[in-house]
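Peer 1: Got a structure for you, written out below as structure tokens; questions coming shortly.
All of the numbers you see were taken from the coordinates with simple rules; none came from a lab. All figures in this text were calculated on a predicted structure; none of them were measured in a lab. Cβ: placed from backbone, ideal geometry, glycine included. Neighbour counts: every protein chain shown.
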Amino acid sequence: MNVAAAPAAHPAIEVRDLRRVFRVRQGLFAPPREVVAVDGVSFRVPAGSVLGVVGESGCGKSTLARLILGLLPPTAGEVLVDGRRLAEMDRRARARLIQPVFQDPFASLNPRRRVRDIVAMPLVAQGDIPREEIGRRVAEMLDRVGLSREQGDRFPAQLSGGQRQRVAIARALVLRPRVVVCDEPTSALDVSVQAQILNLLAELRRDLGLTYLFISHNLAVVEHVATEVAVMYLGRIVERAEAEALFAAPRHPYTRALLASVLTPEPGLGVPDVGLGDVMPDPANIPPGCRFHPRCPLAFARCPVEAPIPIATATGIVECHLEDRAAAAQPAAA
Amino acid sequence: MSALLEVAGLQVRFGEVAAVRGASLTVNRGETHCLVGESGCGKSVTALAVMGLLARGAKREAERIVFAGQDLRGLSDRAMSRLRGDRMAMIFQEPMTSLNPSYTIGSQMTEVLRRHRPGTTRARAVDRAVELLGRVGITAPGMRLGQYPHQLSGGLRQRVMIAMALMCEPELLIADEPTTALDVTVQAQILRLLAELQRDLGLAILLITHDLGIVARVAHRVSVMYAGEVVESAPTAALFAAPCHPYTRGLLSCVPVPGKVRRDQPLGSIPGVVPRIPPGFAGCAFRDRCAHARAECASNVPRRAVGPGHEFLCTLAPDWACAEPVPA
Ligand SMILES: Nc1ncnc2c1ncn2[C@@H]1O[C@H](COP(=O)(O)OP(=O)(O)OP(=O)(O)O)[C@@H](O)[C@H]1O
Ligand SMILES: Nc1ncnc2c1ncn2[C@@H]1O[C@H](COP(=O)(O)OP(=O)(O)O)[C@@H](O)[C@H]1O
Ligand code: SF4
Ligand code: SF4
Ligand SMILES: [Mg+2]
Ligand SMILES: [Mg+2]
């Protein structure tokens, strides 16, 4: 947690019991299936920190991002940004508070507009900012993210992947939001370009006092950028902790498996046995009890019948029956 | 250790793009050779050139492409297709490039064997398919035989593709980014599987990846590719202990490694992007991104030996790197 930053009255992001269900039709006669993408998620992100969100494909990371951005209404629960209910804000007010950066800058940038106009879009949409000011702020922002004047006149197709991501970042920051939601911002980039973008994001956060929600399937990247980490599994956050604590001493069996599967560039270590078996999780068919039990190497009798509840740890929560046992084995503490 | 595949002086052109520019590499029996580099460096084109699978319009030239003592350059299309899927097999990043959506897993797997081994009975081919699906860690292989590719998860499809590639007991397996699209957990499972199969079957593997983590964990030997050239080649331990080429060192410094770079410190990075090289280009293709570039880098660049089996392509003296700190 970044307590050095000015003590803000509200967390930058707060989500309460957030839930999102998708109904997926499977043909004319079959009943629609329910996909529970986000299933009772609560957390707070203090201003100035970076919450990393990790988990396997399909676990609900992007759905969580879209709920927090207000791009998708929740089935239940609520989102507060800077202490204000997202649902009660209009689009322009929301845009001044929170902005996205997505994985594929190509898909999210209008191919028929010049970079300069793409970056100006959020300012124009506010409706009350004078033209000269828009021009000035766009130029300043392009410069800030390392794009030249000349690149500002180009179309997205004339830029490299890394440059397009710089455009997306400039567009996200031009309104000076408090919070930026980054969904796999470097996953489509080469490592050398990924490093450039990660360095830029870190610099901007420091200089502009931003708060990030940072989604990535690359745990080494998350370890490098995040101050706190949430581990998602089938729609729930099964462990959340300060980044250092989580990477030094993961507690949930799933977190441990995820960390074990990271291949750091250290020769001689071989490829670890992750021990998860080959049953893949399916959000349309969430197992009873602990949703991780079919793959958990430590599952015991209680796991398939009773769902674990979040248990507070020193810096976050963990959701596993083993924590109960550990707590029970300890003498009662204050 | 005997060489199974030897490629020397490979060049591939697509019109005004020189995709591969004189690449050489050797894959030994029982070894994993990793070809690493950023996208567009020519890794896939190198693999496709060896397999005789280049797109129409591509122009291939080479000093040598020798597989198990046989020169592949002069082989007819028919002879090449007899080799492919039999003694040499390839798996791709996207399993659907080799799986046909309209046939069951079982019929595709048995077809491969029966095409290359006429006279194999159906029952025998089914037995082999079941055995291999089990071998690649698929539970209930009998049931999977009747399923279509779209009914499987990405990880399962990747395993099916590996099993299919093994139907005829190939000596060489070329795997092009086989785990790039998969979750890290599944990636670890697939890579373990490949290592196990190699140990048990004595396979030679040419593994293409952009991930230095994978290279460190599975490769015996590494070739680093940049703009169509192999700029450094070394036994894995030597490459990571003493990387010599400025590109190799740059790549290593870009990768966040837990405990190595502090959170508030910037990662190392390489300015700019991989260039597109026209035919006839002279000098080092990395020079517009290299902090050490000098006038002589625009003319002939020597390939220098630094240790046993360790070479790099650069004008810097072999000991320059020793004077520099190892990248953070
Ligand atoms: N609009 C939608 N309609 C139906 N189902 C959806 C929709 N959006 C997401 N889902 C489903 O919700 C689940 C979670 O999806 P989500 O995109 O949030 O996953 P993710 O964690 O971001 O995965 P990845 O790492 O692959 O990006 C998936 O099963 C997905 O298929
Ligand atoms: N069929 C093709 N036609 C034209 N250019 C191609 C073709 N295939 C590859 N290239 C070009 O060859 C170069 C190397 O590509 P490739 O081998 O796919 O790179 P990678 O190292 O990412 O696998 C790139 O510049 C690419 O655009
Ligand atoms: S509750 Fe049981 S199944 Fe779930 S993670 Fe803990 S030990 Fe494993
Ligand atoms: S040849 Fe010159 S430009 Fe190329 S890598 Fe070596 S020092 Fe850098
Ligand atoms: Mg996603
Ligand atoms: Mg490729």
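Peer 1: Note down the relative contact order for chain A as a percent, whole number, built from C-alpha pairs under 8 angstrom at least six residues apart. Before the final figure, lay out each step's value.
Peer 2: Numbers: 608 pairs, mean separation 63.9, N = 334.
In percent, rounded to a whole number, it is 19.
Peer 1: Show which lysines lie in cross-link reach of B:LYS59 when reach means a straight Cα distance below 20 angstrom and same-chain residues fewer than eight apart are skipped.
Peer 2: The qualifying lysines are B:LYS43.
Peer 1: Starting from region B:24-60, pick out the trypsin sites (Lys or Arg not before Pro) whose DSSP state is loop and whose Cβ has at most 10 other Cβ atoms within 10 Å.
Peer 2: On the way: sites: B:ARG29, B:LYS43, B:ARG56, B:LYS59, B:ARG60; in loops: B:ARG29, B:ARG56.
Hits after loop and neighbour filter: B:ARG56.
Peer 1: Taking the alpha carbon gyration tensor of the protein assembly as shown, what are the square roots of 5 times its eigenvalues, largest first, to the nearest whole Å? Intermediate values should be presented prior to the final figure.
Peer 2: Numbers: eigenvalues 348, 233, 116 Å².
Taking √(5λ) for each eigenvalue gives 42, 34, 24 Å, largest first.
Peer 1: Okay, helix-only estimate at 222 nm for the protein assembly as shown: each DSSP H run of n ≥ 4 adds -39500 (n - 2.57), divide by all residues, round to 500 deg cm²/dmol; what do you get?
Peer 2: One gets -9000 deg cm²/dmol as the mean residue ellipticity at 222 nm.
Peer 1: Check which residues have an amide H placed less than 5 Å from B:ILE174's amide H, if you skip close sequence neighbours.
Peer 2: B:ALA89, B:MET90, B:ILE91, B:LEU206
Peer 1: OK, next. Which one, A:PRO304, A:PRO46, A:PRO283, has the greatest fluctuation when you compute a Gaussian network model over chain A with C-alpha springs under 10 angstrom?
Peer 2: Taking springs between Cα atoms under 10 Å, the residue moving most is A:PRO304.
Peer 1: Using Cβ contacts closer than 10 Å as the measure, can you line up A:THR75, A:THR63, A:THR211, B:THR121 from fewest to most?
Peer 2: Details: A:THR75 16, A:THR63 24, A:THR211 27, B:THR121 10.
Listed from fewest to most nearby Cβ atoms, that is B:THR121, A:THR75, A:THR63, A:THR211.
Peer 1: Could you put B:ILE214, B:ILE138 in order, starting from the residue whose Cβ has the fewest other Cβ atoms within 10 Å? Working shown, then result.
Peer 2: Numbers: B:ILE214 23, B:ILE138 20.
If I rank by nearby Cβ atoms, fewest first, I get B:ILE138, B:ILE214.
Peer 1: Another question, then. Across chain A, where is the longest run that never hits trypsin sites (Lys or Arg not before Pro) in a DSSP loop with at most 11 other C-beta atoms within 10 Å?
Peer 2: Result for the longest clean stretch: A:113-334.
Peer 1: Roughly how many whole Å is it from the C-alpha centroid of region B:198-236 to that of region A:235-282?
Peer 2: If you average the Cα positions of each part, the centres end up 25 Å apart.
Peer 1: Can you tell me which of A:ALA12, A:ALA301, A:ALA188 moves the most in a GNM of chain A? Springs connect C-alpha atoms under 10 Å apart.
Peer 2: Among A:ALA12, A:ALA301, A:ALA188, the largest mean-square fluctuation in the Gaussian network model of chain A belongs to A:ALA301.
Peer 1: Within 10 Å of each residue's Cβ, count the other Cβ atoms and sort B:ILE205, A:ILE309 from fewest upward. Mind showing how you got there, number by number?
Peer 2: Working: B:ILE205 22, A:ILE309 11.
Exposure proxy ranking, most exposed first: A:ILE309, B:ILE205.
Peer 1: Can you give me the long-range amide H partners of B:ARG21? Hydrogens built in the peptide plane at 1.01 Å from N, cutoff under 5 Å, separation of 5 or more residues or another chain.
Peer 2: Amide H neighbours of B:ARG21, under 5 Å, 5+ apart: B:VAL12, B:GLU229.
Peer 1: GNM, chain B, Cα, under 10 Å: largest mean-square fluctuation among B:VAL222, B:VAL130, B:VAL261?
Peer 2: Comparing B:VAL222, B:VAL130, B:VAL261 in a Gaussian network model of chain B, the most mobile one is B:VAL261.
Peer 1: As an exercise, identify the chymotrypsin sites (Phe, Trp or Tyr not before Pro) in region B:236-328 lying in DSSP coil whose Cβ has no more than 14 other Cβ atoms within 10 Å.
Peer 2: Values: sites: B:PHE240, B:TYR247, B:PHE281, B:PHE286, B:PHE312, B:TRP320; in loops: B:PHE281, B:PHE286.
Sites meeting the loop and neighbour criteria: B:PHE281.
Peer 1: Further question on the same structure: Using modelled backbone amide H atoms (1.01 Å from N, in-plane), which distant-in-sequence or interchain residues come within less than 5 Å of A:VAL101's amide H?
Peer 2: HN-HN under 5 Å from A:VAL101: A:VAL181, A:CYS182, A:ASP183.
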